[in-house]
Amino acid sequence: MTGLAPLLRTLSVAAAGLLALAGSVAAPAPPASAAPEPRAPREFVALDSVDRTILQEMRYTTPHNFTGVPVDGYRQPLCVLTRPAAEALHRAQVRLLARGYTLKVYDCYRPQRAVDHFVRWAEDLEDERMKKEFYPLVDKSRLFADGYIAERSGHSRGSTVDLTIVRLPAQPTRAYRPGERLVECYAPQEERFPDNSVDMGTGYDCFDTRSHTDDPRITDAQRANRQLLKGVLAEQGFVNLPEEWWHFTFRPEPFPETYFDFPVARRSVAGH
């Protein structure tokens, strides 16, 4: 027994040391939870909470746009705007309804991640799947230089909207089928992809100088339609971008210097 005592004491000390060491090792940290999705400031609303009669054809939730795929950040086909812009659209809609027309929006608030998607697409010169419809005469390498694509968009500030006019009763429009034959966006209306809009001379998002609001090559009827849209919106504080007949910004903008990145989804404006 005498010889065992030192051995037992050694084992006891070693075991105590191991227990102390185990206690000093920190437990593994729990996995970091994903950062919460950004939400819109309270000044933003879903357009249909202000006016349910304005038609919505949110192109960037679908592949029928110049990229050929649904765009990042568009979770739902929903128009989101600052409340002053939405209320101004409602006032314009009241005037158009009295004349037998309705507004139809193609795009409203646009998250910065969507703009980043456009930039990545424009830098990929191999991807020209939608060229024949949306930019038939423009070399893709010129999209930045010619101003069709930029790293910032006024849409991300929440008071810019792309829209058109539809004569009532509105006729349904069919969905785009990826891979179908494309037709130039400036072709005669009966040849272009079907859209229940009045004839504006080009389709939406047509990267061509014929999209300039006052382009001299459009017909008198097309010019009258553009001027009707521009006039009724100007009465409510919207300013047209001269290079795009469909592009209007409400002034004064509530967020003239802020570019938001919350997703286009009802959850982003829930409770507003």
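Some notes on this structure:
- DSSP-assigned coil residues among GluC sites (Glu not before Pro) in segment 138-230, each with at most 16 further Cβ atoms within 10 Å: E151, E180, E190, E191
- Prolate/oblate/rounded call for segment 81-131, Cα gyration tensor, a/c under 1.5 rounded: oblate
- Taking label positions 7 Å along the Cα-Cβ direction at both R52 and R251, the computed distance is 3.5 nm, reported to one decimal.
- Largest GNM mean-square fluctuation across T67, T53, T258, computed for the chain with C-alpha springs under 10 Å, falls on T258.
- Gyration tensor verdict on segment 121-272 (Cα atoms; rounded if a/c is under 1.5, prolate if a/b is larger than b/c, oblate otherwise): rounded
- You can think of it this way: the chain between L125 and A150 has 7.4 nm of extra reach, that is 0.36 nm per residue less the Cα-Cα gap.
- Relative contact order of the chain, defined on C-alpha pairs under 8 angstrom at six or more residues apart (%): 24 percent
- Global form of segment 206-255, assessed from the alpha-carbon gyration tensor, a/c cut-off 1.5: oblate
- Potential lengthening of the chain between N196 and V94 amounts to 34.8 nm, from the contour at 0.36 nm per residue minus the alpha-carbon distance.
- Simple spin-label estimate for V69 and V183 gives 2.8 nm between the two label positions (7 Å along the Cα-to-Cβ direction from each Cα).
- The lysines within cross-link reach of K132, meaning a Cα-to-Cα straight distance under 21 Å and a gap of 8 or more places when in the same chain, are K140.
- Among the helices of the chain, those built from whole DSSP H runs whose Cα atoms reach 18 Å or more along their own axis and whose mean Kyte-Doolittle hydropathy is at least -0.5 are 4-24, 83-97, 220-234.
- Entry note, the chain: the mean residue ellipticity at 222 nm calculated from DSSP H runs of n ≥ 4, each adding -39500 (n - 2.57), is -8000 deg cm²/dmol after division by the residues and rounding to the nearest 500.
All of the numbers you see were taken from the coordinates with simple rules; none came from a lab. Because the structure is a prediction, the values reported are computed rather than measured. We place every Cβ from the backbone using ideal geometry, glycine too, and count neighbours over all the protein chains shown.
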